[in-house]
Structure formats: structure tokens, C-alpha cells
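Structure, as C-alpha cells:
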Amino acid sequence: MSVLVTGGAGYIGGHVVAGLTSRGESVVVIDDLSTGVPERVAGLVFSVCDLASDDAPAQVEAILREHDVRAVVHLAAKKQVGESAQRPAWYYRENVGGLANLLLAMESARVSNLVFSSSAAVYGNGTGVPARESDAADPINPYGRTKLAGEWMVRDAVRAGWLRAVSLRYFNVAGAGNDLSADRFATNLVPIVFERLIAGEAPRVFGDDYPTPDGTCVRDYVHVVDLADAHVAVLDALSAGRAMPAELNVGTGVGRSVLEVLEMIRDVTGHATTPAIEPRRIGDPAALVADSSLIHAELGWSAKFGLREIITSAWSGFRAPRVSG
Ligand code: WQD
């Protein structure tokens, strides 16, 4: 029996795969390699597969049957907020259509356990600080709406009776499990700042007039290894047949401002980081912090790593020699 990880050649997927294989699980990966790198799945059973394509249901069903898959972790998706605003229909086809094709394949192959990669982006401005799973979801960009639509689809399949599933709402994921597993696409704060420091440019702070303690946006930064552990814990609970909430936050419960992150980066890297204050970026909620009490109560999960470990591991991976891809 094995676990299928979609998007397993990606930054988060690679860590989930490592978390599963390190405890002896047999893992099968599919990935379209649009942002994933083959080195992350070296030695694993791997197929190139575009989940949004018309032949994906048949292709995935065959993979599920061939490898006796018992559970799926679904991470394959597009995840850039700005891009989603420019190409919303494409985001819906990739994220919502891709999930629909996966569920069709799982239903046909009678694979009934799913962990769905959702996002704190589903909350938008609809929450308190910290955000609870029961708070109103009110996404403020197409990316977040595709994730919320995904959660609804998953809930509907559960209601239909054949699926058992949990949607994990990731907060701001960063850090690396080892140097090769670091995030290679600088689309989030920590790697963006690293790139600018290396280029000799000042890091940019998008807005310092938010209603937060220092005026910059507050986020909940969670280490990617902790996040991977949460997936393993959910899979265990699903396999054990335990009833689970439909959605769980995955965050530390600790909010950090952009300036606090820059301060930690200065401390860890030794690079002076006098930031340039720029106008607010469109679509940024002022503060997004997880209430992580539900996942702790359900699974005993809580983050082991803090911001220093996140920045230290990310920096080490960022500076390591790159393999191709
Ligand atoms: C963090 C903070 C920026 C760059 C989004 C999604 C989330 C997840 C991650 C998928 C914000 C500020 C950033 C910079 C800055 N999705 N910033 N200067 O927007 O919180 O979350 O990406 O991966 O679901 O919503 O993440 O890393 O872009 O920004 O001041 O150069 O850093 O304004 O306040 P975000 P982020």
C-alpha cells in the first residue's frame, strides 16, 4: 500500500514526501514539473501528470490502482496571488479543475482518504486575530477563492459518502528541511528578501501604516518541516478511521510583522537590511495569525520550530549550490 502525493516535486510536496518516506511509507508522486524539480523525487515512483488535463482522471486512476494507493495528499496547484488576479480562469481550471479530476479518479479507484492543501488565503479579511476555522471565509483574491472552492468540493465528496478528508489551511510556509529542499521560487517574503540582499538591493516593505503594533503586516510563519509533520499526523488519523474536522489551520499561533522578519534575517545572515518602505500591496490583509488550538486538540500537533530556525534553514538552503532545475 502506498500514499500518492500530487505536487510531490514541489517545495512543500518534497518535504511531505520526505516526512512520509522517513518513516517507511511507500510513496508515489505525480507532478507536472511546472515548478517542481525532478531531483526532489529521485528514487521514487514518479509520473509526470497534468491534473487539469482531460486525460488526467484515467491516468491517475491507473496510477492509484497500479500502486495500491490508500491515501492521497493533494498539493499540486498554482499558488501566486498576483498571478491569480491576472489569470483567474486559468487558476480555476488548474486548482478547481485539477481537484475535480483527482476526485473522479479516487472515486473510481475507491481510494477514500484525502489531505487537501488549502490556505489561510481563504480567510481574507473575515477573521479575528487569531483566525479560527469557524470564522467566516472571505477570500480577497482568486487564488484564495480557488482554495475555498476546493474545500467545498472536498466537503461535498465527503457528504456523498465515499470520501474521508481534511483540508489543511497553511499559513505562511517558509524554511527548509535541508539545503536541497529549499524554496527555489522567490515569490514569498523570505526568499524575496534573500534575493535582494544578494543583489545588494534594499528589502522592500509593502506598507507601514497598517493597524498593527509596528504598522507592517503581521503573518504566522510556519516551518515547512512542521507543516509536513502535520500532513503525516492527519494521514494517521484518517487511516485510523477517526472522525476529523473538515478544515484545520496549520500555523504557530505567533504573529510576526514584516519588520520583525527583516530583523531576524539581519541577525541570521549578517547582512544589513535597511528596508525601503513602499506603498501597500493590493490584497494584503493587515494581520493573519492562526488559532492553532484545534489541530493541537485533534492531533497533538504544534509547531516545533520558530522564526529563527525558519530563517536559518532557508538561508542555508538559499546559499547552497543548486542542482539543475
Ligand atoms: C508576507 C508579507 C507582504 C514581500 C500569500 C498567500 C498565502 C500563501 C503565501 C501560497 C505581506 C510582505 C512581501 C516583500 C513585503 N500562499 N512583503 N515585502 O501574501 O502573506 O501570503 O502567499 O503560497 O496563502 O496569501 O505572503 O510572503 O507574499 O507576504 O513587505 O518584498 O510580507 O506585503 O505582508 P502572503 P508573502
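The values are calculated or read from the model by the stated rules, or taken from the named source; none is laboratory data. A quick note: this is a predicted structure, and the numbers were derived from the prediction, not measured. Cβ coordinates were reconstructed from backbone atoms using ideal geometry, including for glycine residues, and neighbour counts include every protein chain displayed.
Among the residues of the range 208-221, those that are charged (D, E, K, R) and either at pLDDT below 95 or within 11 Å of the ligand (Cβ to nearest atom) (or both) comprise Asp208, Arg219, Asp220.
Could you check how many residues of the range 75-101 are under 22 Å from Arg155 (Cα atoms) and in contact with a Pro (Cβ under 8 Å, 6 or more places away or on another chain)?
Within the range 75-101, the subset under 22 Å from Arg155 (Cα atoms) is 75-79, 91-101.
Okay, now just the ones that are also in contact with a Pro (Cβ under 8 Å, 6 or more places away or on another chain), so 91-92, 101.
Qualifying residue count, the range 75-101: 3.
Among the residues making up the range 113-131, those that are more than 9 Å from the ligand (Cβ to nearest atom), closer than 17 Å to Val254 by Cα and hydrophobic (A, V, I, L, M, F, W, C) are Val129, Ala131.
Restricting attention to the range 253-310, which residues are closer than 20 Å to Glu133 by Cα, more than 16 Å from the ligand (Cβ to nearest atom), surrounded by 15 or more Cβ atoms within 10 Å (Cβ to Cβ) and over 19 Å from the mean Cα position of the chain (by Cα)? Hit for the range 253-310 is Glu298, nothing else. How many of the residues in the range 39-58 are surrounded by fewer than 20 Cβ atoms within 10 Å (Cβ to Cβ), in a helix (DSSP H, G or I) and among the charged types (D, E, K, R)? Count: 1. Here Asp209 meets the list (1) within 23 Å of Phe318 (Cα to Cα); (2) in contact (Cβ under 8 Å) with a residue 12 or more places away in the chain; (3) of a type in the set (Asp, Glu) almost entirely, failing just condition (1).
Apart from one condition, Val205 fits all of (1) part of a loop (DSSP other than H, G, I, E, B); (2) near the ligand (Cβ under 10 Å from one of its atoms); the exception is (1). Of all residues in the range 161-198, those being assigned to a loop (DSSP other than H, G, I, E, B), modelled with pLDDT of 95 or more, surrounded by fewer than 24 Cβ atoms within 10 Å (Cβ to Cβ) and within 11 Å of the ligand (Cβ to nearest atom) number 0.
Scan the range 270-325 residue by residue and report those that are in a loop (DSSP other than H, G, I, E, B) and aromatic (Phe, Trp, Tyr). Talk me through it step by step, then tell me what you get.
Let us first name the residues in the range 270-325 that are in a loop (DSSP other than H, G, I, E, B), namely 270-275, 279-286, 289, 291-292, 300-306, 320-325.
Scanning the range 270-325 gives Trp301, Phe305.
Specify the residue that is farthest from Tyr11 (Cα to Cα); the eligible residues are those in the range 222-252 that are charged (D, E, K, R) and more than 16 Å from the ligand (Cβ to nearest atom). So that I can check it myself, show each step before the final result.
Here is the first cut: in the range 222-252, the residues charged (D, E, K, R) are 226, 229, 236, 242, 247.
Pick out the ones that are also more than 16 Å from the ligand (Cβ to nearest atom) and you get 229, 236, 242.
Working: Asp229: 14, Asp236: 22, Arg242: 29 Å.
My answer is Arg242.
Scanning for something more than 14 Å from the ligand (Cβ to nearest atom), assigned to a loop (DSSP other than H, G, I, E, B) and without any contact (Cβ under 8 Å) to a residue 60 or more places away in the chain, does the range 81-90 turn up at least one residue?
Kept after step one, since they are more than 14 Å from the ligand (Cβ to nearest atom), are these residues of the range 81-90: 86-90.
Retained after the next criterion (residues that are assigned to a loop (DSSP other than H, G, I, E, B)): 87.
Remaining after also requiring without any contact (Cβ under 8 Å) to a residue 60 or more places away in the chain: 87.
Yes, the range 81-90 has at least one match.
Kindly evaluate Asp214 against the criterion of being of a type in the set (D, E, K, R), surrounded by fewer than 23 Cβ atoms within 10 Å (Cβ to Cβ), without any contact (Cβ under 8 Å) to a residue 60 or more places away in the chain and in contact with a strand residue (DSSP E or B) (Cβ under 6 Å, 6 or more places away or on another chain). Working first, answer last.
On the way: of a type in the set (D, E, K, R): yes; surrounded by fewer than 23 Cβ atoms within 10 Å (Cβ to Cβ): yes; without any contact (Cβ under 8 Å) to a residue 60 or more places away in the chain: yes; in contact with a strand residue (DSSP E or B) (Cβ under 6 Å, 6 or more places away or on another chain): yes.
Yes; evaluated as a whole, the condition is true for this residue.
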